[in-house]
Amino acid sequence: MPSVDPGSPSVAVLGARGFIGRTIVATLRARGVATVGRGSDFPAVRNGELDPEVARAGTVVVVTGRSSPAQAEREPETAATELAESRELFDLLSRSSREARDIRRVLLASSGGAVYDTQRPAPFAEDSPTARSSAYARLKLDLEDAFLTGATPASERTVLRLSNVYGPGQRLGTGQGVVGYWIRALLVGEPIQVFGDPETIRDYVYVTDVAEAFAAAHLATAPLPAIVNIGSGEPTSLRELVHQVLRAAGRPDHPVQMTLDRPFDRRHTWLDVRTAGRVLGWRPTTGLQDGLTATWRQATADAPAARPR
């Protein structure tokens, strides 16, 4: 593992104010890992310079990202800005690695739910074919390419391809996953909308399990592969997900509406996560029903006024 000066953080988390970033920071600090967070209020790059604490960190975790699948289709200029800013960050990380005495490990969150070729059968392993089948998939693969191009002996780089992440603290109804949309609908008394075929299969992974994967990647003593899948490894249909969300909320009779597919919606996608078990000693530990119940409880605690009377 990289070593750092005693006064430097072991890990810098970029995107620390986001849903996943907050959980990674909390998980690392709970383990006693010296961690610094950077977000939109205190960016890692200012005036073309990398924040000194980020430059000195032994591991840098990048969980930034401003584009959802819908937004990438609707606002290509936002995706282009995200790609340009990320390239600048990756270049600055490469430069600071060359100047440092120790090896740095850089971890990038990407989307295992978006980048694989769904014309091939799931589950998808890290060497499964990818496809630029949507604006969001193109963005994520362009980010991965730019990121991995900067890998050097002084800068170990690994992409963690995440499946559909959910959990307490998830923003509701803002493009951050179907679970958030459905919980918001429950809170405000609107019907749950299911886009496309209810038998469509996806992979849902609890946010704390994701954070533990990043912690395991930071702590790994051997070099890591370029790409590691992080997911539940379990296929779940939209029909089954609806059933489990309604059970978590205790509202089995809440109305559900079936709606046509959106252009960026993807068919059967779930991940083979055996590589993560082998190289990180990691596996997901939170079952879907338990995770949804915890997510619902937190959402109702955070927004009691939004509950329908």
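The values are calculated or read from the model by the stated rules, or taken from the named source; none is laboratory data. Quantities reported herein were computed from a predicted structural model and do not represent experimental measurements. Cβ placement follows ideal geometry from the backbone for every residue including glycine, while neighbour counts extend to all protein chains displayed.
Take the stretch 21-48 and flag every residue that is assigned to a loop (DSSP other than H, G, I, E, B), closer than 23 Å to residue 168 by Cβ and without any contact (Cβ under 8 Å) to a residue 24 or more places away in the chain.
32, 40
Taking residue 194 as the residue in question, decide whether it is loosely packed, with under 15 Cβ neighbours inside 10 Å, of a type in the set (A, V, I, L, M, F, W, C), touching a helix residue (DSSP H, G or I) at 6+ places or on another chain (Cβ under 9 Å) and more than 18 Å from residue 112 (Cα to Cα).
Values: loosely packed, with under 15 Cβ neighbours inside 10 Å: no; of a type in the set (A, V, I, L, M, F, W, C): yes; touching a helix residue (DSSP H, G or I) at 6+ places or on another chain (Cβ under 9 Å): yes; more than 18 Å from residue 112 (Cα to Cα): yes.
No.
Can you tell me which of (1) touching a residue at least 40 places away in the same chain (Cβ under 8 Å); (2) out of contact with any Asp or Glu (no Cβ under 6 Å at 6 or more places or on another chain) is the one residue 275 doesn't meet?
If we test residue 275 against (1) touching a residue at least 40 places away in the same chain (Cβ under 8 Å); (2) out of contact with any Asp or Glu (no Cβ under 6 Å at 6 or more places or on another chain), just (2) comes out false.
Have a look at 184, 267, 202 and point out the one that is out of contact with any Cys (no Cβ under 6 Å at 6 or more places or on another chain) and either surrounded by fewer than 18 Cβ atoms within 10 Å (Cβ to Cβ) or within 30 Å of residue 153 (Cβ to Cβ) (or both).
On inspection, the qualifying residue turns out to be 267.
Out of the strands (runs of 3 or more DSSP E) lying entirely within the stretch 139-234, which hold 3 or more residues that are in contact with a strand residue (DSSP E or B) (Cβ under 9 Å, 6 or more places away or on another chain) and farther than 19 Å from residue 123 by Cβ?
155-162, 192-195
Using beta carbons and a limit of 7 Å, which pairs, at least six apart or on different chains, have the first residue in the stretch 197-216 and on the phi < 0 side of the Ramachandran plot and modelled with pLDDT of 95 or more and the second one aromatic (Phe, Trp, Tyr) and surrounded by fewer than 24 Cβ atoms within 10 Å (Cβ to Cβ)?
Once the first residue is on the phi < 0 side of the Ramachandran plot and modelled with pLDDT of 95 or more and sits in the stretch 197-216, its partners that are aromatic (Phe, Trp, Tyr) and surrounded by fewer than 24 Cβ atoms within 10 Å (Cβ to Cβ) give 207/19; 212/282; 213/282; 216/282.
For a quick check of your reading of the model, give me the residue pairs whose first member lies in the stretch 221-236 and is closer than 18 Å to residue 106 by Cβ, whose second is assigned to a loop (DSSP other than H, G, I, E, B) and at pLDDT below 95, with beta-carbon atoms closer than 6 Å and at least 6 apart or on different chains.
So the pair list comes out as 221/1.
Any idea which of (1) surrounded by fewer than 17 Cβ atoms within 10 Å (Cβ to Cβ); (2) touching a helix residue (DSSP H, G or I) at 6+ places or on another chain (Cβ under 8 Å); (3) at pLDDT 95 or above is the one residue 236 doesn't satisfy?
Among (1) surrounded by fewer than 17 Cβ atoms within 10 Å (Cβ to Cβ); (2) touching a helix residue (DSSP H, G or I) at 6+ places or on another chain (Cβ under 8 Å); (3) at pLDDT 95 or above, residue 236 violates only (1).
Just to be sure I understand, how many residues within the stretch 11-20 are in a helix (DSSP H, G or I) and basic (Lys, Arg)?
Residues of the stretch 11-20 that are in a helix (DSSP H, G or I), as a first pass: 19-20.
Imposing the further condition that a residue be basic (Lys, Arg) reduces the set to none.
Of the residues in that region, 0 qualify.
So which residues in the stretch 66-98 are in a loop (DSSP other than H, G, I, E, B) and either under 18 Å from residue 36 (Cα atoms) or without any contact (Cβ under 8 Å) to a residue 12 or more places away in the chain (or both), if there are any at all?
Passing the criteria: only 75.
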